[in-house]
Amino acid sequence: MVQQKTARQARPSMARGVRLHTVEDWQKFNLSQPGRDVSPAELDMFRQRVPLQEKMRALDIGCGNGRWTRELAKLGLEVTGFDWDSAAVERADTFPTLYPRPDYQVWDVMSQDPPAWIEPGTVDLVTFRYSLGAMKPAVVLPLVGTMLKADGQVYILTDLDRRNIDDRTRIAAGLTEAKVRSLWKGWDRTEVWNFGLRMGITLSGYGN
């Protein structure tokens, strides 16, 4: 007797079960995923904690297919989405939008200097939506801290990896609790809140 899979069981596996060893693995993964929906509740949570004004300069790091980048553009921000994967950037730029189209660029934040046009102290907001778990926060956050204006903020939304396993052969679904606790080192002001099984974090005042 063949067991029928439920709709939930039949869904393609997301980040938690995917092992990515090469650039090609990452590209295939990125192109196969539709991206995670931005719910009204998530947007409300974001807007409650991040004061927004039109024309604020924002960077969305680890933008993937640009779903969150486009939401930021809808809110009136001048936003650039960055990803280290050129295929992801090309895909993001093909999505139609009725709003001003965000700029998308390739940048490997882990190993390359920032683009020359990003001068220190000129950015209002840097976001990491489900992307910081694939990076080294101790490397990335001090770098973006130098880009921010005095009142600029970092916004992070992450899944929690409750296994607390640091396995570098797979794309992390989120951050371990130990890594979350280490994020606010060097930041003057932090806010942390739970959002279902996820965690939201804002950081500001780097180096004060």
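Nothing in this text is a laboratory measurement; each read-out follows from the coordinates by a stated rule. Computed from a predicted structure; not experimentally measured. Neighbour counts run over all protein chains shown; Cβ positions are idealised from the backbone, glycine included.
Results, tabulated for the structure shown:
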quantity	calculated
Neighbour-limited loop hits for chymotrypsin sites (Phe, Trp or Tyr not before Pro), the range 69-164 (at most 15 other Cβ within 10 Å; DSSP other than H, G, I, E, B)	TRP117
Cα gyration tensor shape of the range 35-81, rounded if a/c is under 1.5, else prolate or oblate by comparing a/b with b/c	oblate
Surrounding net charge for THR202, when Lys and Arg each add one and Asp and Glu each subtract one, Cβ distance under 9 Å	+1
Charge dipole (the range 92-146, unit charges on Cβ, about Cα centre) - positive-most of ALA116, PHE95, SER131	SER131
Environment charge of THR97, counting only residues whose C-beta is closer than 9 Å and scoring Lys/Arg +1, Asp/Glu -1	+3
For GLY186, net neighbour charge (Lys/Arg +1, Asp/Glu -1) across residues whose Cβ lies under 15 Å away	+4
Three-way shape label, the range 80-208, alpha-carbon gyration tensor, a/c 1.5	oblate
